[in-house]
Amino acid sequence: MNMTQLPIIKDVYGFLGPDLMACVTGLLLILMFVPLNSAFLVWVERKVAGHIQLRPGPMEVGPHGILQSLIDAVKLMCKEMITPDLADKYLFWIAPCTVVIPAIVCFVVIPFSPIMQVRELNVGILLIFAFSSISGLSILMGGWASNNKYSLIGAVRAVAQSIAYEIPLLLSTMSVIIMSNSLKMSEIVAAQSPVWNFVWQPVAAIIFIICTTAETNRAPFDLVEAESELVSGFHTEYTGMRDALFFMAEYTAMFIGSSMAVVLFFGGWYGPFFSGIFWFVLKAYLLVFVTVWIRWTFPRLRFDQLMNFAWKVLIPISLLNLLVTAIVIKVL
Amino acid sequence: MFSQMLQAGLYDFFFVFIFFIVSLALPVVMVALNSLIGPNYRGKRRGETYESGVAPIRTAWIQFGASYYLFALIFLAFDVDVLYLFPVLLSYQRGTGFAELVELFIFLFIISLAIVYAWRKGVFQWR
């Protein structure tokens, strides 16, 4: 052994030390959490839908049907994966694989509690925005590659919708960032320890929740997969596990959107009596419940109403909100 | 190499990279499992495009929807500029005077002109 190798070994040890342990632990937890969470949310969705429509929903498998979506996952696993003859074979394969990337990578920066965060990045929120935009790309890929008119129309709508609602989403996030002066997720939460941002920024919070609902393609903004006109939109031609991957990505995106709203506006891990992961998860699932509630209560918008609502209402309001926040910060 | 990465501030992104690789592997594993377990009958009609039972007329790869194109153009004019605001917001509270506020106001005013222009041109009227 010559001595020149020693610093390299130290570097490698520093590299593979406790940080990597935290990373691997977090990764394993998240790999378990993502499928279970989407299975749970599918069950919640069906159950809430059932009770809103005055019927019990799934009841057979397990107590109150709680194991129903696990059985459905097994069923999807045993289905044939059909690739249409006319489809673009490669893109048809790549699209469901890439749609899962944001569902897992975004969890790197989400602070569940002061210690339960895989890695604090100084560009935390930007990372989430950057990776979330991959899902729009893979929806477009999947819809175009299917060579199906329903899929193509659904995919094009998805892109038009997600770019329209991304701007008010960014602007309402900015009015929080200008207050907390940081892009780090845990610093934004730590800045809300006495008073939640929701109190200072109610308009931004409401715009944020509307926009995450639209970004995850859920009713009343679900023209992407409007069943009455487009069969099921961009994933009409997908079967088996590849279909399930799209669903998993959608439900995980719902959870990520809600946890971002919790981080930005609802005080993260802070709560009455004590603070910790309990409050974070509780608030995130409450927001998810609100999204499900909205889906089964409101009718679907028309497409021009959808686009005009973003461009004519949400963007001017969020711009004004940002300006007012900037003025208040400078004056006070 | 590692110390250079540390100095470059890329250390944090190593973890993002690990997650990225695993998130590529997860769907591949799931789809591979499905193709092992699931049946694979290749019937004659099975690969047909699904259009509610009616035989499809030509492919779906056609040109349509010019309204979407205009929305994409406004998006490019607007959202790419909005991204420049992020560094501005981080250094907004550093100064004491009103210079930042005035600059922010001018910037937002100029990028809002894109929307005002599109509005006046009638892009938002659906035809």
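The values are calculated or read from the model by the stated rules, or taken from the named source; none is laboratory data. Small disclaimer: the values here were computed from a predicted structure and weren't measured. Because the Cβ atoms are built from the backbone with ideal geometry, glycine has one as well, and the counts that use them run over all protein chains shown.
The set of residues in the range A:65-98 that are assigned to a helix (DSSP H, G or I), within 12 Å of chain B (Cβ to nearest Cβ) and of a type outside the set (A, V, I, L, M, F, W, C) comprises A:LYS75, A:LYS89, A:PRO96, A:THR98. Per the listing B:ALA55, B:ALA60, the residue uniquely surrounded by fewer than 10 Cβ atoms within 10 Å (Cβ to Cβ) and either assigned to a loop (DSSP other than H, G, I, E, B) or in contact (Cβ under 8 Å) with a residue 60 or more places away in the chain (or both) is B:ALA55. Restricting A:ASP304, A:ASP222, A:ASP243 to those that are touching a His at 6+ places or on another chain (Cβ under 7 Å) and at negative phi reduces the list to A:ASP243. For the range B:63-93, which residues satisfy the criterion of being free of Cβ contacts under 8 Å to residues at least 60 places away in the same chain and of a type in the set (S, T, N, Q)? B:GLN63, B:SER91, B:GLN93, listed by residue number.
Checked against the criterion of being more than 8 Å from every other protein chain (Cβ to nearest Cβ), out of contact with any Asp or Glu (no Cβ under 6 Å at 6 or more places or on another chain) and either of a type in the set (Ser, Thr, Tyr) or closer than 20 Å to A:ALA145 by Cα (or both), the candidates B:TYR69, B:TYR41 yield just one match: B:TYR69.
Note on the range A:94-125: residues that are under 13 Å from B:PHE13 (Cα atoms) and buried (at least 17 other Cβ atoms within 10 Å of the Cβ) total 8. crowded, with 17+ Cβ neighbours inside 10 Å, within 12 Å of chain B (Cβ to nearest Cβ) and modelled with pLDDT of 80 or more, is that true of A:ALA39? No. The set of residues in the range A:233-266 that are under 27 Å from A:VAL109 (Cα atoms) and of a type in the set (A, V, I, L, M) comprises A:ALA244, A:LEU245, A:MET248, A:ALA249, A:ALA253, A:MET254, A:ILE256, A:MET260, A:ALA261, A:VAL262, A:VAL263, A:LEU264.
Inspect the range A:287-299 for any residue being at pLDDT below 85 and of a type in the set (Phe, Trp, Tyr) and give the result as yes or no. The answer is no, given that none of the residues of the range A:287-299 is at pLDDT below 85 and of a type in the set (Phe, Trp, Tyr).
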